[in-house]
Structure formats: structure tokens, C-alpha cells
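Colleague: For reference, the structure I am asking about is given below.
The values are calculated or read from the model by the stated rules, or taken from the named source; none is laboratory data. Keep in mind the model is a prediction, meaning the values are calculated, not measured. So basically every Cβ, Gly included, is an ideal-geometry build from the backbone, and we count neighbours across all protein chains shown.
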Amino acid sequence: MTIADLASVPFERAGDLASLCARVGELADSEQPFVLLAGGTDWMVEQELRKPFAAGAEPRVIDVSRLDKLREIRLEGNVLSIGAGVTYWEMRNSPEVRAHAPLLERMARDVGAIQIQARGTLGGNLATGSPAADGVAAVAAYDAILVVQSRRGVRRIPMSELQTGYKASTREGDEIFVAVEILLPGPDARWYWRKVGTRRAQAISKVALGGVARVEAGQVVRCGLGMASVAPVTALLPRTRELFLSTKLEKIGPVQLDKAVDSDISPIDDVRSTGEYRLHVAKSVVRDFARALGARV
Amino acid sequence: MLIRLKLNGQLREVDTAPMRRLLDVLREELELTGTKEGCGEGECGTCTVLLDGEVVNACMVVIGQCDGRDVVTVEGLGSEAHLLPIQKTFVTEGGAQCGICTPGMLISAEALLRRNASPTDEQIREALAGNLCRCTGYERIVASVRAAALARSSGGAS
Ligand SMILES: Cc1cc2nc3c(=O)[nH]c(=O)nc-3n(C[C@H](O)[C@H](O)[C@H](O)COP(=O)(O)OP(=O)(O)OC[C@H]3O[C@@H](n4cnc5c(N)ncnc54)[C@H](O)[C@@H]3O)c2cc1C
Ligand code: FES
Ligand code: FES
């Protein structure tokens, strides 16, 4: 397909969330393909690379980029809710995000370049579901809940139950990402972000790690991890997390920590890196995170 | 679809297919060819424009998303008779060679200077990280932005 073919793709604008849910439900019932166009930074690139659509098989594009309901950032009690249509640039500049979920601000700085940050959204990152997605790794570290909505109502999916395989998820075809909810870990929580790529801007990671932890008297009492580009899905490193939660930091040794990472992931070779290098970097960044918490590894 | 937008300060209407890229509509129907196409994939930044004041790649935005919005292209920065400091310093500091990256560089740099009057070199480099240049090696471009910041702060802004 060339970009010129885009002109024949039908376009409509979402009015409000309820009518969008109804419209999406109707399209899903009639098995018509559709796209929710937010920043377009994933979808537009895919169109350059794909084969032309068969006549009449073009997806219907629904512009969601101005749906106010998806663009809210709200703090209610100790839950921060970030709309699925919030861009990386908005996250970087939001006082609420900066104060309460600084890992998201830090992650957003590393996405593409400012032009991509100004358009790309958390909802698009989650929906594309690439294992390299930085936003997904960062929200995973906060053990976020994904709020989805369809004409059947609102559903909350814990991050640990979202991804089922490469670009596959438990979200139904007619469910729209509305927001990401984060139960705040508290102001004294530690957070960590490290993205390793070929260059600082415009690079997909070889490995990226987001981590959030609360430490009380040398013991990790809350821990969330999200690692990008080391598995078919965002890796939540359950054994590594279990080690942090079950062992005093002073008792965690480097060998034990490396072993936990080894048992959590088996990264593969691809155009960006080798499995061996990825595993090496994955262990290094997990150790770095552990050191930041006070472990001697 | 009839699209109404504010383009370089003027209200414009264009009747076109809503899924066409902002980049193509700017260059074709609206005859503003300052905005260039390098990669068509969001990587090079030579198609950078301001959309409601934010820097975006015009190759990733469809015109249907621009209805009622404010777009500024390189043509909207300054006229030949009244160049902005950033345009003058790209000339005096050697920030442009072949010129293909220049429209996007100017937009990204001007947007930076509007939000941060005295950026550090690191902030300049971050602001321009989405704009690739195959000629200058970037040093002269960073120097141009630095010089424009100085000119603006010493009242050189037009
Ligand atoms: C040059 C470049 C650099 C990039 N760098 C990075 C990077 O460093 N890190 C990174 O993680 N990504 C990167 N990306 C990928 C992309 O920018 C992100 O994944 C971004 O978050 C996608 O959001 P979007 O709003 O642009 O999605 P869109 O392209 O608008 O949509 C993508 C998909 O999501 C669906 N969708 C959108 N919103 C919703 C919703 N609310 N509910 C359900 N489905 C929805 C759409 O139907 C579509 O299938 C880069 C892309 C480019 C072009
Ligand atoms: S042409 Fe738009 S970023 Fe390269
Ligand atoms: S001056 Fe030639 S690409 Fe920058």
C-alpha cells in the first residue's frame, strides 16, 4: 500500500465515549475492520509497510484524538488515573504525573523524539501491544489497572492479566482503552527507568526496565517490574519480584538475582540485538535497580 | 470533507479526503512546499510543523484530524523581509547546507525557544533529536539555536 491509498479509507470522528462504544460495537457485530486513530504514530507507519487493502476491505478509521474523556489526568485519593488518549508530552508536563508517577514522566522522555511524544498516546501503545512498548513497561511497574469500556460497560483489567502472547490480549475486540489507573506507591517509593538502545532518541529498545518499589526497614514491601524487548510480551519478571518481596535486601546476592532473571526470561536474537546480549543487559539493569534499593549486588 | 483550519495565522478551507496526510495537503492543495518529506515514517522530522503549538510530524497526522486546529509551517515563521532570529542565525552561523532538514529544524528550534528562552546545549539537542541532518554534523545547528536565544534575549527578536 502506498500512502496515496489512504485517501480512499473512510474516516469519521468520535463524538463522545458512549457513542464511540455504540459505534465500535456495531462495527464489531458486522465484522467490519476499524481503527481508533489517536496519534497515528503506530498505525500510519504500519500503513506504509502493509500490502494494499482489497477493494472494499479498508478499515473504517475513527478519530479519537480529541475525545476529552480519554484525555483526563485525575488524582482521586491515592489513585492516579491517566486517560488512554494522554500523550507522552502531556505526561512529561503534567504536574500530577510528575509528582505522583515520576517513572512515567521519565519514560516519556525516552519515547521517540518530541514530535512522537506530542502525538503518541498510552492507549495506542497498549493497543499495539508491542513487547518493545516503553509505556506498557512503565505502567506495568506500577501494577496498573487498565480501564476498558464497551457498550456492555466498564471493565478493569490488571496489567498482569492483559497480555496473553505476542500482540494478543484479553481485551475484547469492541473494548476501548479508556484509562490507566495507578494505585500510588507513596511519595517515598523508589522508581527506576533504564532504556538501552542504539541511540537516545528514535530508538526501539534492546532492553528497557521500569521498576517501582517501596522499602520498609530493609525489606521490599511493594514491587512492580516491567521489562521491554526480552519476551513476546512485556516481561513482568515474577520470580525476580518474588525474590525482592521475600528476602531482606541485605540478603539478596548477585548470583541469586541473576538466577531469578534467568528463570523469568529467555530473550531471542532479532535485528536489534542478540538474545545473549539482552540477557546480559537485563541482569545488569535488574542489579542496578536492586542497588538503587540498597542491595549489595 | 470540508476542513477549516487556521494556517499560518489565516483561516483556510480545504475540501479533500480526510485521510490524506497533512503533509500532502499542505504541499499540494495549500501550495506550501516548505514542509518536506524525508522518510514518511516519523523518523526524520523534515515534515515538522506546529499543531496547536506542539511540534508534530505532518506525515503522521491526517488532515481530518486538523479541522478547527491551528497549523504553523515554516512559511509562517517569518517573511523574507522580517526573518525571525532563528532564521537569521541559521544563515549567519551556517546552520543550513543543502537545506532539506532546515524547515523542520527551524520549527523545532522556534518551538523550543518559545517554551524555554535560554536552553542549554543538551536541551537544544533534545529538542532537535527528532530532526535528522545529513550535512552539517549538527554543531552549526546547535550554534544557530544558541545564537538565536541570545539575539531574542537581547531584544533582537522581531
Ligand atoms: C519514529 C517513531 C519512534 C517511536 N519510538 C517509540 C519509543 O521509543 N517507544 C515506544 O514505546 N514506542 C515508540 N513508537 C511507537 C508509537 O509512537 C507508540 O506506540 C505510541 O504510543 C502509539 O500511540 P498512538 O496514539 O500514536 O497510536 P495510533 O497509531 O493512533 O494507534 C495504534 C493502534 O492503537 C489502537 N488504539 C489507539 N487508541 C486506542 C484506544 N483508546 N483503545 C483501543 N485501541 C486504541 C488503534 O486502533 C491502532 O490499532 C515510535 C513510533 C515512531 C513512528
Ligand atoms: S517525513 Fe515525516 S518524519 Fe520524515
Ligand atoms: S542541511 Fe542538508 S540535511 Fe541538514
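Colleague: Within the stretch A:208-229, identify whether any single residue is among the small types (Gly, Ala, Ser), in a strand (DSSP E or B) and over 21 Å from A:GLY123 (Cβ atoms), and answer yes or no.
Modeller: Restricting attention to the stretch A:208-229, the residues satisfying the condition of being among the small types (Gly, Ala, Ser) are A:208, A:210-211, A:213, A:217-218, A:224, A:226, A:228-229.
Those left that are additionally in a strand (DSSP E or B): A:208, A:210-211, A:213, A:224, A:226, A:228.
Checking the rest, the ones that are also over 21 Å from A:GLY123 (Cβ atoms) come to A:211, A:213.
Yes, the stretch A:208-229 contains at least one residue that is among the small types (Gly, Ala, Ser), in a strand (DSSP E or B) and over 21 Å from A:GLY123 (Cβ atoms).
Colleague: Hey, among the residues in the stretch B:1-31 that are farther than 22 Å from A:ASP5 by Cα and part of a loop (DSSP other than H, G, I, E, B), which one's nearest to ligand 2 (Cβ to nearest atom)? Give the steps one after another, and end with the answer.
Modeller: Narrowing the stretch B:1-31 to residues farther than 22 Å from A:ASP5 by Cα: B:4-13.
Narrowing further to those that are part of a loop (DSSP other than H, G, I, E, B): B:8-9.
Numbers: B:ASN8: 19, B:GLY9: 23 Å.
My answer is B:ASN8.
Colleague: Does B:VAL62 satisfy the condition of being of a type outside the set (Asp, Glu) and within 16 Å of ligand 2 (Cβ to nearest atom)? Don't jump to the end; show me each part of the working.
Modeller: Values: of a type outside the set (Asp, Glu): yes; within 16 Å of ligand 2 (Cβ to nearest atom): yes.
Yes: the conditions hold for B:VAL62.
Yes or no, residue by residue, for (1) buried (at least 24 other Cβ atoms within 10 Å of the Cβ); (2) more than 14 Å from ligand 1 (Cβ to nearest atom); (3) of a type outside the set (Gly, Ala, Ser); (4) within 28 Å of A:THR121 (Cα to Cα):
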| residue | (1), (2), (3), (4) |
| --- | --- |
| B:LEU22 | yes, yes, yes, yes |
| B:LEU30 | no, yes, yes, no |
| B:ALA58 | yes, no, no, yes |
| B:ALA111 | no, yes, no, yes |
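Colleague: Given A:ILE176, A:ILE157, A:ILE182, which one is in contact (Cβ under 8 Å) with a residue 24 or more places away in the chain and within 14 Å of ligand 1 (Cβ to nearest atom)? Walk me through it before giving the result.
Modeller: On the way: A:ILE157 fails: in contact (Cβ under 8 Å) with a residue 24 or more places away in the chain; A:ILE182 fails: within 14 Å of ligand 1 (Cβ to nearest atom).
Criteria check complete, one pass: A:ILE176.
Colleague: With the structure loaded, tell me whether A:ASP262 is out of contact with any Leu (no Cβ under 8 Å at 6 or more places or on another chain) and over 15 Å from A:ARG194 (Cβ atoms) or whether it fails that test.
Modeller: On the way: out of contact with any Leu (no Cβ under 8 Å at 6 or more places or on another chain): no; over 15 Å from A:ARG194 (Cβ atoms): yes.
When the stated conditions are applied, A:ASP262 does not pass them.
Colleague: Which of the strands (runs of 3 or more DSSP E) contained wholly in the stretch A:27-113 include at least 2 residues that are within 16 Å of ligand 2 (Cβ to nearest atom)? Outline the logic, then answer.
Modeller: Values: elements: A:34-37, A:60-63, A:73-76, A:79-83.
Output list is empty.
Colleague: Now a separate question. Filtering the stretch B:101-122 down to residues that are among the polar types (S, T, N, Q) and more than 11 Å from chain A (Cβ to nearest Cβ), which residue is farthest from B:LEU77 (Cα to Cα)? Steps first, answer last, please.
Modeller: Initial filter on the stretch B:101-122 (among the polar types (S, T, N, Q)): B:102, B:108, B:116, B:118, B:120.
Okay, now just the ones that are also more than 11 Å from chain A (Cβ to nearest Cβ), so B:102, B:116, B:118, B:120.
On the way: B:THR102: 12, B:ASN116: 17, B:SER118: 19, B:THR120: 23 Å.
It comes out as B:THR120.
Colleague: For B:ILE100, indicate whether it is assigned to a helix (DSSP H, G or I) and either of a type outside the set (D, E, K, R) or under 15 Å from A:ALA113 (Cβ atoms) (or both). Quick ask: steps written out before the conclusion?
Modeller: Values: assigned to a helix (DSSP H, G or I): no; either of a type outside the set (D, E, K, R) or under 15 Å from A:ALA113 (Cβ atoms) (or both): yes.
So B:ILE100 fails the test.
Colleague: In addition: Under 6 Å between Cβ atoms, at least 6 apart or on separate chains: pull out the pairs that start in the stretch B:49-67 with a residue that is not assigned by TED's automatic domain parsing to the domain that holds B:GLU126 and outside any loop (DSSP other than H, G, I, E, B) and end on any residue that is within 16 Å of ligand 3 (Cβ to nearest atom) and of a type in the set (Phe, Trp, Tyr).
Modeller: Once the first residue is not assigned by TED's automatic domain parsing to the domain that holds B:GLU126 and outside any loop (DSSP other than H, G, I, E, B) and sits in the stretch B:49-67, no partner that is within 16 Å of ligand 3 (Cβ to nearest atom) and of a type in the set (Phe, Trp, Tyr) comes close enough.
Colleague: Could you count how many residues in the stretch A:1-51 are within 11 Å of another protein chain (Cβ to nearest Cβ) and closer than 24 Å to A:TYR88 by Cα? Talk me through it step by step, then tell me what you get.
Modeller: Quick first cut of the stretch A:1-51, residues within 11 Å of another protein chain (Cβ to nearest Cβ) only: A:2-13, A:35, A:37-49.
Now narrow it down to the ones that are closer than 24 Å to A:TYR88 by Cα: A:13, A:35, A:37-48.
Qualifying residue count, the stretch A:1-51: 14.
Colleague: Tell me yes or no: at least one residue of the stretch B:88-106 is in the same structural domain as B:ALA149 (by TED's automatic domain parsing), buried (at least 24 other Cβ atoms within 10 Å of the Cβ) and away from ligand 3 (no atom under 13 Å from the Cβ).
Modeller: Taking every residue of the stretch B:88-106 in turn, at least one turns out to be in the same structural domain as B:ALA149 (by TED's automatic domain parsing), buried (at least 24 other Cβ atoms within 10 Å of the Cβ) and away from ligand 3 (no atom under 13 Å from the Cβ).
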